[in-house]
Amino acid sequence: MNHIGGVAAGQIETISGDHWITSSQDDLRLRRPLDGDVAVDVAILGGGFSGLWTAFHLLSGNPSLRVAIVERRFCGYGASGRNGGWCSPRFPVDPAPLIRRYGVHVARRVMEAQQNTVGNFGEMLAKAGIDAEFRHTGLLSIARGEQQLASLQKTFATYEALGLNEGNRLMGAQEAFEQVHVTKISGALHSVRGATVHPGKLVRGLAHAVEALGARIFEGTEALSVRRGQDAAICCETGIVRASRAVVVAGEAYLPGLSGFRRDLLPMSSMIVLTEPLSDAQWEAVGWRGGECLSSQVHTKNYLTRTGDGRILYGSRGAPYHFGSATRDDALQDDAVFETMRDTVREWWPALSDITFTNAWGGYLGVPRDWMPTVHFDPDSKLAVLYGYTGRGVSTSTMCARLTAGLVGGWQTGLEGLPFHRARPRKWEVEPFRWGGVRYVQNALARIDAAEEQSRARPIDAPLAEYLSAQ
Ligand SMILES: Cc1cc2nc3c(=O)[nH]c(=O)nc-3n(C[C@H](O)[C@H](O)[C@H](O)COP(=O)(O)OP(=O)(O)OC[C@H]3O[C@@H](n4cnc5c(N)ncnc54)[C@H](O)[C@@H]3O)c2cc1C
C-alpha cells in the first residue's frame, strides 16, 4: 500500500522524480506512526539530517537518554533526501560577509569548524556504521566567461586574508579545461576540501543508526503544535510525545507551516535534473575525472555532482517563491525549468547532446532573513531549534546537530562560542511584502544572468537586486 501522512503502515511514497531514496537500497516500508502518548527525555520534530544527527550525537554522548523522533512523512522526505550530495566545506554565509559581521578571528573559526566537519565526516559515518558513498573529491568553482572570473579572484583573496588559502588554488583557462572540459571555461578555483555523499543512503542509514542506539522514530506522524515549559511536548493527532528535557525543532523549510515558527525561515526551492550513467567515452569527453563538487558563478547558483554510479546531477535555483511560504510538492514539477536545466548541461558539454535524463525533482531549503544558521536551546522553555542552512546543509546540519546535542545533553562541543549559537533570527516580512520582495529579487537575478550569458549590458536595477540579495 502506498500511503503517506496517515496512520497505516505500508510502503513509503517517494516524491515525483526521486532518485536518492529509491536508490538507497533501504527497506522502504513506513515505520509505525505514533499511537498514543509517549514520555521521553528528548522529543525531536523532523526526520532529516538535523533531527537524526541530533539524536545520534545525543545517544552517542549519553546512551541512557530516551529519544523519540516525529516525522510527518518518512525519514529523508525533506531536503535531506533530495539534495545535490555536496558535503561542502563552505559555510552558508560566505567569508566576506562573515568577516564584515563578526571580524576576521571569528570568521576564521566558523570556517575552520565547517572544514573540520567535512574532514571528520568519513570518520563519523564509520562510527555510525553508514556506507553513504562518501568521497573526498574537493571543490571546483569554475568561471564560464571573463565576467565570472572576478568572483573567483575575490573569494581567493578573502581566503588569503583569513590565512585559510592553503589547499586553494586559482587555475587559468587551460588548466581548468584540463580538469573539466566545459565550454566557455575561463578559469577555476580549486579547493582540496569538499566531498560528496549519496544523500539517500546517508539519511536512511542515519535513521537505522539512531534506532540501533535506542531512539524511537514515528513516521507518518505530523506534529500539529509544539508545547514549551513544564509541559514541553510535541502534539500530534494520534498522541503526544512529552519531553522531560527538551523538544528539538528540526523542520527546516517546512517550519512556516508550524505555529510559532511561521516567519523564521523562507522556503526556497531548488531543482535537480539527473542523467543516465555515462559511458566511458562520454566521460572522456566530459573530463571531470576528480568528480569534484562543481559549480559556475551565476547569480541564480548551480551545483553539479558526479554520482557514485557515474551520472551527472545538475541542480540550480528552482520555481518562483510561493505566497505564504507554501511548500507544495506539485509546485516543484516545472517542466520548463527542468528543460532549461537539461539544455544547460548540453550546452556545457555538447558531446552529451543525446544523453538521456532519467530523473528530475525539486525540494525546499530553508533561508533565514540574515542567511545565518541558528542553534538555540532555552532550558527554561525546554525548546531547542536548529535550522537555516540555505543550500549548504549537508555538512552544516551535522555541525549544528553536534552543538544542539551538547547543549541539550549538557556537554561541551567546542562550538558554543560560534555565532550560529544565538537567539532566534530576525523574522521575514509579513505577506504580501515577503512575496513581492522575493519574487522581484528572483526575477532580477535571472535577468542579470541572462544578460551576462548573452554579453549584453546588465539590467539597470542589477545593483539594487545584488544589494537586496547580499548576505
Ligand atoms: C534540491 C536541493 C539541493 C540541495 N543541495 C545541497 C547540497 O548539495 N549540499 C548541501 O550542503 N545542502 C544542499 N541542500 C540543503 C540541504 O539538503 C538541507 O540544508 C538539509 O538537508 C536540511 O536538513 P534538515 O534535516 O534540517 O531538513 P529536512 O531534510 O527538510 O528535514 C525536515 C523534516 O521535518 C519534517 N517535518 C516538517 N514539519 C513537520 C511537522 N509539522 N511534523 C512532523 N515532521 C515535520 C519534514 O517532513 C522533513 O522530513 C539542498 C537542498 C535542496 C532542496
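Taken together, the values in this text are just the output of simple stated rules run on the coordinates, not laboratory data. Here the structure is a predicted model, which is why all the values come from computation and not from measurement. Every residue, glycine among them, receives a Cβ derived from its backbone with ideal geometry; neighbour counts consider all protein chains shown.
The string of couplings for region 397-402 from the Karplus curve (6.51, -1.76, 1.60, θ = phi - 60°) is 5, 5, 5, 5, 5, 5 Hz, one whole number per residue in order, with x for Gly and Pro. Highest average first, the peptides 96-102, 163-169 ordered by how many other beta carbon atoms sit within 10 Å of their residues are 96-102, 163-169. Lysine pair count for the chain (Cα-Cα distance under 26 Å; residues 8 or more apart in sequence or on different chains): 7. For residue 120 and residue 460, the FRET efficiency from 1/(1 + (r/R0)^6), where r spans their Cβ atoms and R0 equals 60 Å, is about 0.80. If both residues of a DSSP beta bridge must be in the chain, then about 70% of such bridges are antiparallel. Rounded, prolate or oblate for the chain? Axes are the square roots of the Cα gyration tensor eigenvalues, ordered a ≥ b ≥ c, and the cut-off for rounded is a/c under 1.5. Here the chain falls in the prolate category. In this calculation the C-beta distance from residue 328 to residue 112 is compared with R0 = 35 Å, giving a FRET efficiency of 0.35. Seen from residue 388, the other residues with C-beta closer than 14 Å to its C-beta sum to a net charge of +4, counting Lys and Arg as +1 and Asp and Glu as -1. In a fully extended conformation the segment linking residue 422 and residue 213 would gain 72.3 nm over its present Cα-Cα distance, using 0.36 nm per residue. Between residue 23 and residue 104, full extension at 0.36 nm per residue minus the direct alpha carbon distance yields a gain of 24.9 nm.
Subtracting the Cα-Cα distance of residue 64 and residue 381 from 0.36 nm times their residue separation leaves 111.9 nm of extension gain. Here the spin labels are modelled as points 7 Å beyond Cα on the Cα-Cβ line, and at residue 301 and residue 237 they lie 3.3 nm apart. Each part gets one Cα centre, and for region 182-211 versus region 236-309 those centres are 11 Å apart. Summarising the label geometry, the points placed 7 Å from Cα in the beta-carbon direction at residue 429 and residue 284 lie 5.5 nm from one another. Among 140-152, 170-182, the peptide with the highest mean count of other Cβ atoms within 10 Å heads the list, and the full ranking is 140-152, 170-182. Sequentially through region 327-339, phi angles give Karplus couplings (6.51, -1.76, 1.60; θ = phi - 60°) of 10, 6, 6, 5, 5, 8, 9, 10, 4, 5, 5, 4, 5 Hz, Gly and Pro residues having no value and appearing as x. With R₀ fixed at 45 Å, the C-beta to C-beta distance from residue 346 to residue 225 puts the FRET efficiency at about 0.40. Each of the peptides 436-446, 235-245 was scored by the mean count of other Cβ atoms within 10 Å over its residues; in descending order, highest first, they stand as 235-245, 436-446. A simple spin-label model places pseudo-atoms 7 Å from Cα toward Cβ; at residue 453 and residue 467 they are separated by 2.7 nm.
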